[in-house]
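As structure tokens, the structure follows; a few thoughts come after it.
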Amino acid sequence: MNKKGLLLVVSGPSGVGKGTVCNEYVKNHPECSLSVSATTRKPREGEKDGINYFFLSEEEFRKKIDNGGFLEHAVFCGNYYGTPKDTVMQMIDDGKDVILEIEVQGAMQVRAHYPEGVFIFVLPPSIEVLEERLRGRNTETDDVIKERLQRAKAEFKFIEKYNYVLVNDTVENATKTLGDIINAEKCSMSRNYKELKSEYID
Ligand code: 5GP
């Protein structure tokens, strides 16, 4: 029987390290993939088209919105970001787990259309640690860092809409906890009942 994969939605403020944790997890779990988003943001040093993001012009992005090509999309700090729909849904239908690492507006759109998704919010151990991490990254100007911290505070208000909270104290702990969440979800009665019923009850 072809069981659907899990759609995992991971949000959390910029700089919290959610990308590192997700990357670390997929490295050791070939059954799980990270969705590659499209964005109109300019590539950072070292980022590659088709690997980190699909880097699109605003016109290309708008065209894809009009063609219904996104599962969700949002504007974050002046740039568009969106999840290509067909690739993600195909992987889930094929039984692969897929992680969307996206901000809260997009996550809420996914929740509205796909409530069986697993919604995980990544928190820093404290706000001070978050600021240190953003500054330490050295990829953004002071104004952008301030804007991202403001944005982080707005994002915290959405925590209660998520199913799980994951504190990124160390990458090792957070990656293990992410694995625990995924395993628990796979064992949940609601995800298994239909199959169990036909085998044990009917
Ligand atoms: P960054 O510019 O730092 O790569 O990403 C900025 C924010 O956009 C992060 O919170 C990231 O999770 C989010 N993001 C990345 N891809 C997507 C996407 O496809 N959709 C949405 N809604 N947010 C995304």
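Table for the structure above
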| quantity | calculated |
| --- | --- |
| Filtered residue count, the stretch 108-134, keeping only those that are touching a Leu at 6+ places or on another chain (Cβ under 6 Å) and among the hydrophobic types (A, V, I, L, M, F, W, C) | 3 |
| Helices (runs of 4 or more DSSP H) lying entirely in the stretch 110-202 (those with 1 or more residues that are on the phi < 0 side of the Ramachandran plot and modelled with pLDDT under 95) | 127-137, 142-156, 189-196 |
| Selection within the stretch 92-107 - open to solvent by 10 Å² or more (accessible area, probe 1.4 Å), outside any helix (DSSP H, G or I) and more than 15 Å from Lys18 (Cβ to Cβ) | Asp94, Gly95, Lys96 |
| Answer from Asp143, Asp66, Asp97 - the residue that is among the charged types (D, E, K, R) and touching a Leu at 6+ places or on another chain (Cβ under 6 Å) | Asp97 |
| Leading residue by the ranking (surrounded by the most Cβ atoms within 10 Å (Cβ to Cβ)) among those in the stretch 1-58 that are within 11 Å of the ligand (Cβ to nearest atom) and of a type in the set (Gly, Ala, Ser) | Gly12 |
| Some residue of the stretch 135-153 being surrounded by 20 or more Cβ atoms within 10 Å (Cβ to Cβ), in contact with a Cys (Cβ under 6 Å, 6 or more places away or on another chain) and charged (D, E, K, R) | no |
| Flag for Val88 being touching a Phe, Trp or Tyr at 6+ places or on another chain (Cβ under 9 Å) and within 14 Å of the ligand (Cβ to nearest atom) | no |
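The values are calculated or read from the model by the stated rules, or taken from the named source; none is laboratory data. For clarity, every value in this text was computed on a predicted model and none was experimentally measured. Because the Cβ atoms are built from the backbone with ideal geometry, glycine has one as well, and the counts that use them run over all protein chains shown. Side chains included, ligands, DNA and RNA excluded: accessible areas come from the protein's heavy atoms. Shrake-Rupley method; radii C 1.70, N 1.55, O 1.52, S 1.80 Å.
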